[in-house]
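Just below is one structure, and these are the notes that go with it.
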Ligand SMILES: [Zn+2]
């Protein structure tokens, strides 16, 4: 398969499916290959849900076996916006990028602000009625 035909963001199932079809690897082989258990492999295939650390392992194997290099080798996919971003765009231990983190903080601020305004309005209305 020529390098340019490789998808840049295949699912875990696609990558493992390709490895299995090409090399006839069993679940036990895959578990050894990725230093995990067969039930974890089964879980990945079924849910496409995989940790960042394990995704790195699967991706590097997939691209290596395709004689290619991972186009997102130094990046991580943001769980919020779904974009691949440089690892430096994430705070330690965060699965969402700084841009998304900032947006969420701002959104939280505006939501609180709306609540505050509503409270104040209600209070003014009450004071006017009774004052
Ligand atoms: Zn993001």
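The figures follow:
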read-out: FRET efficiency, 1/(1 + (r/R0)^6) with R0 35 Å, evaluated for residue 113 and residue 13 via beta carbons; value: 0.20
read-out: Helix 12-23 vs. the chain, principal-axis angle (Cα, 0 to 90°, nearest 10); value: 0
read-out: Acute angle (nearest 10 degrees) that the helix 52-65 long axis makes with the longest principal axis of the chain, alpha-carbon atoms; value: 30
read-out: Mean projected area in nm² (Cα convex hull; one quarter of hull surface) for the chain; value: 11.9
read-out: Computed over the chain: relative contact order in percent, which uses C-alpha pairs under 8 Å that are six or more apart; value: 16
read-out: Per-residue Cβ neighbour rank within 10 angstrom, fewest leading, 87, 12; value: 87, 12
read-out: Computed helical MRE - 222 nm, the chain, DSSP H runs ≥ 4 contributing -39500 (n - 2.57), nearest 500; value: -19000 deg cm²/dmol
read-out: Centre separation in Å (Cα based) which lies between region 84-131 and region 40-72; value: 36
read-out: Degrees separating the helix 38-47 axis from the principal Cα axis of the chain, which is the longest one; value: 60
read-out: FRET E, pair residue 37, residue 57, Förster distance 22 Å, beta-carbon r, rounded to 0.05; value: 0.95
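A short reminder: the numbers here are calculations on the coordinates, not readings from a lab. Everything numeric in this text was worked out from a predicted model, so none of it was measured. Here the Cβ is made from the backbone with ideal geometry for all residues, glycine too, and neighbour counts use every protein chain on show.
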